[in-house]
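K.L.:
Following this message is one structure expressed as structure tokens.
The values are calculated or read from the model by the stated rules, or taken from the named source; none is laboratory data. What you see is a predicted model, and the numbers here were worked out from it, not measured in a lab. Note: ideal-geometry Cβ built from the backbone for every residue, glycine included; neighbour counts use all protein chains shown.
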Amino acid sequence: MGVFSGSASYVRYQVQGDVPEPVKDFVLEKLKGYAFKEIDPGTLSEKTIGWVSAENMALTRFDDLHFAKDPYLVFSLRIDVRKIPGMTMKAALLREEMKYKETTGQERLRKKDKDMLKDEVWQALTKKTLPTPSVYDVCWNFQTGIVLFFSTSRKANEEFMAFFHRSFDVKLLPLMPQALATHLGEKNNKFFDVSETELQFAHG
């Protein structure tokens, strides 16, 4: 479930550091520079990551500023992974080992032969395997510096934090529920200032 759904789970972050002004122009430039690119089927790449439209996971053009909904910037992180199922790899490798034994007349394969066959099988299967996409919505309030990432998966959040830093050259600080609850009443503390509008938007 994401930012456009009726209900969603998310992790809240605070941007650390200054974002160049004007923020929307800066973010637009970076979204273009780090836009998602599909895996080339002819390569052995297993993973690709990049920004896409929150409205269409296949759309990587941000020139119409459709991602800006003042004071929010809304876009998505897409991660495609090619992964060979364990049993598929095992079956293919056993088949190739049998063929190799018949061809060479060997009853037992040496370790280097097994490693060679394993690498050949992995390469062949990787090129045939279709990537599995994962898409995670992002909502950035550029006035408060609060960023919502719509996934509670630890791995997804780690990927997001690293790629966000790589893309925008600013770090994200996770706002844990305990810390957020402690500081929500401190209106003079901008770091933890969350408006009612943002809370309503975040919870749909």
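K.L.:
Within region 57-114, take every residue that is touching a residue at least 24 places away in the same chain (Cβ under 8 Å) and among the hydroxyl-bearing types (Ser, Thr, Tyr) and give me the one that is nearest to Lys128 (Cα to Cα).
P.N.:
Once the filter is applied, the top-ranked residue is Thr88.
K.L.:
I'm trying to understand the selection: among the residues of region 66-91, which are surrounded by 18 or more Cβ atoms within 10 Å (Cβ to Cβ) and among the hydroxyl-bearing types (Ser, Thr, Tyr)?
P.N.:
If the condition is that a residue be surrounded by 18 or more Cβ atoms within 10 Å (Cβ to Cβ) and among the hydroxyl-bearing types (Ser, Thr, Tyr), then Tyr72, Ser76 are the ones that fit.
K.L.:
Still on this structure: Only one of these is under 24 Å from Glu46 (Cα atoms) and either in contact with a helix residue (DSSP H, G or I) (Cβ under 6 Å, 6 or more places away or on another chain) or of a type outside the set (D, E, K, R) (or both): Ala92, Ala68. Name it.
P.N.:
Ala92
K.L.:
Now a separate question. Only one residue in Arg78, Arg95, Arg108 is of a type outside the set (Ser, Thr, Tyr) and assigned to a loop (DSSP other than H, G, I, E, B), so which one is that?
P.N.:
Arg108
K.L.:
Could you grab me the full set of residues in region 106-151 that are of a type in the set (Lys, Arg) and over 24 Å from the mean Cα position of the chain (by Cα)?
P.N.:
Once the filter is applied, which keeps residues that are of a type in the set (Lys, Arg) and over 24 Å from the mean Cα position of the chain (by Cα), region 106-151 yields Arg108, Arg110, Lys111, Lys112, Lys114, Lys118.
K.L.:
Right, something else. Return yes when Arg61 is of a type outside the set (Gly, Ala, Ser) and either over 23 Å from the mean Cα position of the chain (by Cα) or crowded, with 16+ Cβ neighbours inside 10 Å (or both) and no when it is not.
P.N.:
Taking the combined requirement at face value, the residue does not satisfy it.
K.L.:
A further question follows. Could you please find all residues in region 18-38 being surrounded by 12 or more Cβ atoms within 10 Å (Cβ to Cβ), more than 14 Å from the chain's Cα centre (by Cα) and either in a loop (DSSP other than H, G, I, E, B) or not acidic (Asp, Glu) (or both)?
P.N.:
Matches in region 18-38: Val19, Pro20, Val23, Lys24, Phe26, Val27, Leu28, Lys30, Lys32.
K.L.:
Does Glu46 meet the test of being in contact with a strand residue (DSSP E or B) (Cβ under 8 Å, 6 or more places away or on another chain) and either surrounded by fewer than 16 Cβ atoms within 10 Å (Cβ to Cβ) or within 29 Å of Lys128 (Cα to Cα) (or both)?
P.N.:
Criteria met by Glu46.
K.L.:
Quick one: which of Leu65, Leu77, Leu44, Leu28 is at pLDDT 95 or above and closer than 30 Å to Phe149 by Cα?
P.N.:
Answer to the selection: Leu77.
K.L.:
Check Leu94, Leu130, Leu125 and return the single one that is surrounded by 15 or more Cβ atoms within 10 Å (Cβ to Cβ) and out of contact with any strand residue (DSSP E or B) (no Cβ under 6 Å at 6 or more places or on another chain).
P.N.:
Leu125
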